[in-house]
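Here is the structure we will look at.
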Amino acid sequence: MLVTGGAGYIGSHTALALLNAGHQVVSLDNYVNCTRGALAVVSDLTGREVVEIEGDATDATLVQSVITEHNVSAVIHMAALKAVGESVEQPLDYYRNNLGSAIAVLDAMKAAGIWNFVFSSSATVYGDPESNPIPETAAIGAANPYGMTKEMIEVIMRDVAASDDRWRMTSLRYFNPVGAHESGRIAEAPVGKPNNLMPMVMDVATGKRDEVMVFGDDYPTPDGTGVRDYIHVMDLVEGHVAALEHMDNHSGYEVYNLGQGSGVSVIEMIRAVEKITGLTIPFRIVDRRPGDIAECVADPARANAELGWATTRSIEQACADAWNSQSATAG
Ligand code: WQD
């Protein structure tokens, strides 16, 4: 199995789940958005080797050589730039990198004669949903360049799958991944200031930052703060294993939401972390963040039914595992 972006937060947890399911894993990563070391931990945790290659997934020749040299039979494509705000400021970088790497990987797979492709998509493709929970049949309308790259790659997957029935393509729409493997040895360690809520709350819990800025409390939600579907990263990556096993008997293009199916607000998340850590997490209500939406919660029924997959870990477990990973790996 080739995992592009395999050294990152979700990529390294994916490698762990794949190894635990008996697959071989090759990772290709350019380390632009993660530090080295996670895959060595994964090898230590599983007692199995991960082949770790440094390189850029936009290089089709490199990807093809990796596929051929390591006898790769399927690709999970995770390598991408993923900061919404940055994508608004640097759209060209996002389109060049995210579309370029997806097309290069598909070109390399076709040249190497392998057809199983799992894509790391995002609930961001739904834009501001008409209603929640959101089924895969909901209207698509990304509201930022990052989300638009995900939306465009899904269109590419649909058209490429329609052009040749040897392709088996699955797009997995992630809601909000949080937490860490129970060992605490693989932490979400974004480079620079965290964009996302959980790493920000963890930074305050570990004393790296003074308070959480809560981006608005005037949304039409129970406590006025944003509501999201936070999914434990181990549940998320186990969904990839289920998708790979499902695609062995299903050609064409499939889309699945990977989420809990229930929402948690910003303040509820802060309170959950306070309960787990026994700490007070100072926060301040500030203006809304441009582009944010009130609520985004998955309807995971299709993945439950067709992949035989469902989340098994609670938000409290995710907070405990996030805290465990931060305190275990705090530098
Ligand atoms: C969650 C909630 C914020 C930070 C984005 C991408 C998505 C995926 C996950 C890549 C919102 C609030 C946040 C903070 C806050 N990324 N918040 N203070 O925006 O739902 O999704 O990240 O795959 O594609 O769109 O996640 O964690 O940034 O925000 O109040 O310091 O927390 O307003 O309500 P989001 P998030």
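The values are calculated or read from the model by the stated rules, or taken from the named source; none is laboratory data. Predicted model, so just to flag it, every value in this text is computed and none were measured. Virtual Cβ from ideal backbone geometry, glycine too; neighbours counted across all protein chains shown. These accessible areas exclude ligands, DNA and RNA; they are computed on the full protein's heavy atoms, side chains included. Shrake-Rupley method; radii C 1.70, N 1.55, O 1.52, S 1.80 Å.
Tabulated results
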{"item": "Check on Asp165, more than 23 Å from Tyr230 (Cβ to Cβ), out of contact with any His (no Cβ under 6 Å at 6 or more places or on another chain), open to solvent by 40 Å² or more (accessible area, probe 1.4 Å) and not in a strand (DSSP E or B)", "result": "yes"}
{"item": "Where Tyr94 falls short, out of the listed (1) assigned to a helix (DSSP H, G or I); (2) over 17 Å from Asp56 (Cα atoms)", "result": "(2)"}
{"item": "Cross-chain or 6+ apart pairs with Cβ under 6 Å, segment 272-289 first and more than 12 Å from Cys319 (Cβ to Cβ), then within 10 Å of the ligand (Cβ to nearest atom) and among the aromatic types (Phe, Trp, Tyr)", "result": "Arg288/Phe215; Arg289/Phe215"}
{"item": "Top-ranked residue in segment 224-276 [being hydroxyl-bearing (Ser, Thr, Tyr) and out of contact with any Ser or Thr (no Cβ under 6 Å at 6 or more places or on another chain); ranked as surrounded by the most Cβ atoms within 10 Å (Cβ to Cβ)]", "result": "Tyr230"}
{"item": "Residues that are in contact (Cβ under 8 Å) with a residue 60 or more places away in the chain and part of a helix (DSSP H, G or I), drawn from segment 21-43", "result": "Ala38, Val41, Val42"}
{"item": "Residue that is nearest to the ligand (Cβ to nearest atom), among those in segment 132-151 that are within 17 Å of the chain's Cα centre (by Cα) and of a type in the set (A, V, I, L, M)", "result": "Ala142"}
{"item": "Extreme residue, surrounded by the fewest Cβ atoms within 10 Å (Cβ to Cβ), among residues of segment 173-187 that are more than 11 Å from the ligand (Cβ to nearest atom) and of a type outside the set (S, T, N, Q)", "result": "Glu182"}
{"item": "Residue satisfying condition, being touching a residue at least 24 places away in the same chain (Cβ under 8 Å), in a loop (DSSP other than H, G, I, E, B) and at negative phi, within set Leu99, Leu81, Leu106", "result": "Leu81"}
